[in-house]
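Student: The structure that follows is given in the form of structure tokens.
The values are calculated or read from the model by the stated rules, or taken from the named source; none is laboratory data. Worth saying up front: this structure is predicted, and the values here are computed from it rather than measured. All Cβ positions, even for glycine, are placed from backbone atoms using ideal geometry, and neighbour counts span all protein chains on display. The accessibility values were calculated without ligands, DNA or RNA, using every heavy atom of the protein model including side chains. Shrake-Rupley method; radii C 1.70, N 1.55, O 1.52, S 1.80 Å.
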Amino acid sequence: MKHAEIYRDWIEVHQRVDAHPDLVANVMREIQQAEPVASEHVSMWVRLIEWIDASVWLKAAAVGAAGVIGVGRIVFGIHLLLAFRLLGV
Amino acid sequence: MAEDSAIIDRILNGDTEAFRLLVERYQGPLVRMVRNLTGSESGCEDLAQEVFLAAYTHLTSYDPSRSLFSTWLFTIARNKCVNAVKKKRPVTLGQLPERAGGAGPIVDATRRELLAQLDTALAALPAEQRTAFVLVTFEGLSYEEVAQIEKTRIGTVKSRINRAKAKLAEVLAKFKEDRS
């Protein structure tokens, strides 16, 4: 047998390693005892984002609300400026 | 067959049992990778189990936009294997087994001896060369995936594999020379 063939055999031997049949059961047993993977806090935010993302109307409402808050801040700023002017501050 | 990302969504929404699908899908490649990277049959199942458990407990940190789930899983496995190998006594090329002398069932003995020498030579390679060689040659991963796992450039992966192959070729050449 040529050495090149033995080299190819060696590679094949290393490609044929199989997992033990109990591995899946052992991993799942460990996982049942482990902490839950997602915390409630994360789940709540994920659900909220998914909920907003699911509806076009909710997205439009969110953009609208952001716009109203933005415009409100500008109007309030001008209002304060005028009030200070009138008071002579 | 469900996509990895769909399964991960189910797990993150509390369906722990869905993780079984990922274990069934990746147990073969993972055990093979751990076995080939550590060079040891004993303990590779335990290490593979540790990798799956680590993947499960850190699943929220997996970002699908950055890599495939398999690449992320193999990165965890690679790190655990590197740590496991560090704990063992390093093998050097000078410790390659002595060549068998005399006659006998020559073909089988030669084959066994050369396979053993290749295994020892693989174990003696520097960790980064061994990892790149194992992932590409035994696992069939692309250079790109290995570069992601090793957090390096594709060119570096290629040169590591070439150096590993050169060292293995040296073992083959030396064996041939000793036999002739």
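Student: How many percent of the alpha carbon pairs in the stretch B:111-180 exceed a separation of 18 Å?
Tutor: Looking at the stretch B:111-180, the distances longer than 18 Å represent 40 percent of pairs.
Student: If you don't mind, another one. Give the aspartates and glutamates reachable from B:Lys80 as a straight Cα distance under 12 Å; neighbours fewer than 8 places away on the same chain don't count.
Tutor: B:Asp46, B:Glu50
Student: The stretch B:5-96: which trypsin sites (Lys or Arg not before Pro) are DSSP loop and have at most 16 other beta-carbon atoms within 10 angstrom? Before the final figure, lay out the partial values.
Tutor: Working: sites: B:Arg10, B:Arg20, B:Arg25, B:Arg32, B:Arg35, B:Arg66, B:Arg78, B:Lys80, B:Lys86, B:Lys87, B:Lys88; in loops: B:Arg66, B:Lys88.
Those that pass, being in a loop and sparsely packed, are B:Arg66, B:Lys88.
Student: Using θ = phi - 60° and the Karplus form 6.51 cos²θ - 1.76 cosθ + 1.60, what ³J(HN,Hα) does each residue of the stretch B:142-148 get, whole Hz, x for Gly and Pro?
Tutor: With coefficients 6.51, -1.76 and 1.60, one gets 7, 4, 4, 5, 5, 4, 5 Hz.
Student: Just to verify a number: FRET efficiency for A:Leu80 and A:Ala60, C-beta to C-beta distance, R0 = 35 Å, to 0.05?
Tutor: 0.70
Student: So how many Å³ per residue does the convex hull of the Cα atoms of the protein assembly as shown work out to?
Tutor: Numbers: hull volume 57.9 nm³, N = 269.
Hull volume normalised by residue count: 215 Å³.
Student: Just to verify a number: what accessible area does A:His14 come out at with the full protein assembly present, 1.4 Å probe, Å² rounded to tens?
Tutor: Here the accessible area works out near 20 Å².
Student: Tell me which GluC sites (Glu not before Pro) from the stretch B:2-49 have a DSSP coil assignment and no more than 14 other beta carbons within 10 Å of their own. Mind showing how you got there, number by number?
Tutor: Working: sites: B:Glu3, B:Glu17, B:Glu24, B:Glu41, B:Glu45; in loops: B:Glu3, B:Glu41.
Sparse-neighbourhood loop GluC sites (Glu not before Pro): B:Glu3, B:Glu41.
Student: By Kyte-Doolittle mean hydropathy of at least 1.0 and Cα axial length of at least 15 Å, which whole DSSP H helices of chain A are selected?
Tutor: TM-like helix candidates: A:56-87.
Student: Still on this structure, I have one more. If you roll a 1.4 Å probe over the heavy atoms of the protein chains, what accessible area per residue do you get for the stretch B:23-88, in Å²?
Tutor: So the stretch B:23-88 comes to 45 Å² accessible per residue, rounded to a whole number.
Student: Over the stretch A:46-89, with the other protein chains present, what is the accessible area per residue in square angstrom, probe 1.4 angstrom?
Tutor: 92
Student: What number, rounded to the nearest 500 deg cm²/dmol, is the helix-based mean residue ellipticity at 222 nm of the protein assembly as shown, given -39500 (n - 2.57) per DSSP H run of at least four residues and division by all its residues? Don't skip to the end; give the middle numbers.
Tutor: Working: 12 runs with 193 residues, N = 269.
Helices in the protein assembly as shown give a 222 nm mean residue ellipticity of -24000 deg cm²/dmol.
Student: Let me ask something else. Give me the percent of the accessible area of chain B that comes from carbon and sulfur atoms, probe 1.4 Å, all protein chains in place. Each step should come with its number before you reach the end.
Tutor: Details: 4770 of 9350 Å².
That share works out to 51 percent.
Student: Suppose each label sits 7 Å from its Cα in the direction of the beta carbon; what would the A:Trp51-B:Ala2 distance come out to in nanometres?
Tutor: Placing both labels 7 Å beyond Cα along the Cβ direction yields 2.4 nm.
Student: As I understand it, the value is the acute angle between the Cα axis of helix B:106-124 and the longest principal axis of the Cα atoms of chain B; what does it come to in degrees, rounded to 10?
Tutor: 50
Student: For the interface of B with A, what's the total buried accessible surface in square angstrom, probe 1.4 angstrom, rounded to the nearest hundred?
Tutor: Buried area (both sides, nearest 100 Å²): 3200 Å².
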